[in-house]
Amino acid sequence: MNILLCVKQVPDDSVEIHLDNKTEKPNLNGVTKVANAFDTYALELAVRFMEAHGGNVSVLNVGVEDSLNTLKNCLAVGAKEAFFVKDDLYADLDALGAAEVLADAIHKIEKDKDKKFDLILCGKESTDEITGQVGPMLAEKLGTGFTSSAVEINLKDNGMEVHQETDEGYNVVSIAYPAVVTVSKPDYDPRYPTIKTKMASRKAVIPTYSAAEIGEVKQAKVRCTEYVAPPKKEAGIKIKEKDAALAVSAAMEQMKKDKAI
């Protein structure tokens, strides 16, 4: 089975990011760009699937110059090949624009490589925009089946059996391929690269396409108009009564005063 993972590069979400007082935009100075966390879960799921059933895992990124390192990191943890659609025109894509470019890129790669992808994976959502829209929009553009929030994928008859995460557990969904599936967090973590795989990934030649080769970049229909920092937490009120009954009474009176009850 040929599996393609669409990976997005995002600011490292382990770093606390604040708004710049002058620009009123997130201050990303010194913040490393990394693969989106849900995309790394999807990659690990894909590589395990390949190890169990054979096939090939490819990764695709649409972005600007600094995304190349993210693709090489994906190669270091199990992907067999990578594709890069690079152009400054992709700097401010909205979800629909990203889905359209990805669909055009997939058609281009399939034509150039003379092969079809059976399964296209995306992370459930990205940690920067958190829209969760690119996966379903991509399925619509490609005309394939779609399932969201997968935590496990198995071969079943002439298709796939997907365990779809829900608040109560998971649904078991049967889907034919080709299909687009978004991935949540499975019960395992992504693997780490070895020195050998890191060295090999640095030497990898990654086919690169421009916007002119892929197709027209349409104007974004959705744009961010303002960033707003979350409100700062106010200092709490400390109940100083030592007697438990008096402390509870004081707390109740304060909550009534604050209209919390």
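Can you work out ³J(HN,Hα) from phi for every residue in the stretch 232-246, in order, using Karplus 6.51 cos²θ - 1.76 cosθ + 1.60 and θ = phi - 60°, giving whole Hz and x for Gly and Pro?
Taking θ as phi minus 60°, the curve returns 6, 6, 7, 5, x, 9, 8, 7, 9, 5, 7, 6, 4, 5, 5 Hz for the stretch 232-246.
Determine which residues of the stretch 127-146 fall in the zone a paramagnetic label at residue 110 would reach in this model, i.e. backbone nitrogen under 18 Å from the point 7 Å along Cα→Cβ.
The answer is 135-146.
On a C-alpha basis, how far is the centre of the stretch 225-260 from the centre of the stretch 78-135 in Å? Whole number, if you could?
The distance from the Cα centre of the stretch 225-260 to that of the stretch 78-135 comes to 47 Å.
Given R₀ = 41 Å, FRET efficiency for residue 176-residue 18 by Cβ-Cβ distance, to 0.05? Don't skip to the end; give the middle numbers.
Numbers: r = 47 Å, r/R0 = 1.14.
According to the calculation, E is roughly 0.30.
Any idea how far the Cα center of the stretch 21-76 sits from the one of the stretch 171-203, in Å?
11 Å
Ordering 18, 163 by accessible area with a probe of 1.4 Å, largest first, what comes out? Could you put the intermediate results ahead of the total?
Numbers: 18 115, 163 20 Å².
My answer, sorted largest first, is 18, 163.
On a 0 to 90° scale, report how tilted helix 37-53 is relative to the longest principal axis of the chain, with both axes built from alpha carbons and the result rounded to the nearest 10.
The angle comes out near 40 degrees.
Compute the length gained on full extension between residue 196 and residue 158: take 0.36 nm times their separation in residues and subtract their Cα-Cα distance, giving the result in nm to one decimal.
Working: separation 38, 0.36 × 38 = 13.68 nm, distance 3.67 nm.
Here the answer is 10.0 nm.
Antiparallel versus total DSSP beta bridges in the chain: what percent is that, nearest 5?
Counting only bridges with both partners in the chain, antiparallel ones make up about 40 percent.
Once you sort the root eigenvalues of the Cα gyration tensor of the chain as a ≥ b ≥ c, which label holds: rounded (a/c under 1.5), prolate (a/b larger than b/c) or oblate (the other case)? Kindly include the intermediate steps, with their values, before the conclusion.
Values: a/c = 2.13, a/b = 1.68, b/c = 1.27.
Cα axes put the chain in the prolate bin.
If amide H atoms are built 1.01 Å from N in the plane of the peptide, which residues on other chains or at least 5 residues away come under 5 Å of the amide H of residue 8?
When sequence neighbours closer than 5 places are left aside, the close amide H contacts are 36.
Tell me the relative contact order for the chain as a rounded percent, counting alpha carbon contacts under 8 Å between residues six or more apart. Present the calculation step by step, with values, prior to reporting the outcome.
Numbers: 454 pairs, mean separation 58.1, N = 261.
It comes to 22 percent, rounded to a whole number.
For the full complex of protein chains and a 1.4 angstrom probe, list 109, 237 by accessible area with the highest value first.
Details: 109 0, 237 115 Å².
Most to least solvent-accessible, the answer reads 237, 109.
Would you work out which of 91, 133, 155 lies farthest towards the positive end of the dipole of the stretch 70-194, given +1 charges on the beta-carbon of Lys and Arg and -1 on that of Asp and Glu, about the Cα centre?
155
Enter the accessible area per residue of the chain (Å², integer; probe 1.4 Å; all protein chains in place).
Working: 16020 Å² over 261 residues.
That works out to 61 Å² per residue.
Work out from phi, with θ = phi - 60° and the Karplus expression 6.51 cos²θ - 1.76 cosθ + 1.60, the ³J(HN,Hα) of each residue of the stretch 165-176, listed in order in whole Hz, and give x for Gly and Pro.
5, 10, 5, 9, x, 7, 9, 9, 10, 9, 9, 7
Quick one: which residues, 5 or more positions from residue 152 or on another chain, have an amide H under 5 Å from its amide H? H modelled 1.01 Å from N in the peptide plane, none for Pro or chain starts.
163
Enumerate the calculated ³J(HN,Hα) couplings along the stretch 252-261 in order (Karplus 6.51 cos²θ - 1.76 cosθ + 1.60, θ = phi - 60°), each rounded to whole Hz, writing x wherever the residue is Gly or Pro.
Going residue by residue, I get 5, 5, 5, 5, 5, 5, 7, 6, 7, 9 Hz, with x marking Gly and Pro.
Where does the charge balance sit around residue 60 when Lys and Arg score +1, Asp and Glu -1, over other residues with C-beta under 15 Å from its C-beta?
Values: positive: 8, 72, 80, 86, 108, 111, 113, 115, 116, 141; negative: 39, 81, 87, 100, 104, 110, 112, 118, 213.
Neighbour charge sum, excluding residue 60 itself: +1.
Using a 1.4 Å probe and counting only protein heavy atoms, arrange 114, 189 so the residue with the most accessible area comes first. Show your work: numbers first, answer last.
Values: 114 140, 189 100 Å².
The most accessible residue leads, giving 114, 189.
The values are calculated or read from the model by the stated rules, or taken from the named source; none is laboratory data. Here the structure is a predicted model, which is why all the values come from computation and not from measurement. Here the Cβ is made from the backbone with ideal geometry for all residues, glycine too, and neighbour counts use every protein chain on show. Protein only, heavy atoms only, side chains kept; ligands, DNA and RNA dropped before computing areas. Shrake-Rupley method; radii C 1.70, N 1.55, O 1.52, S 1.80 Å.
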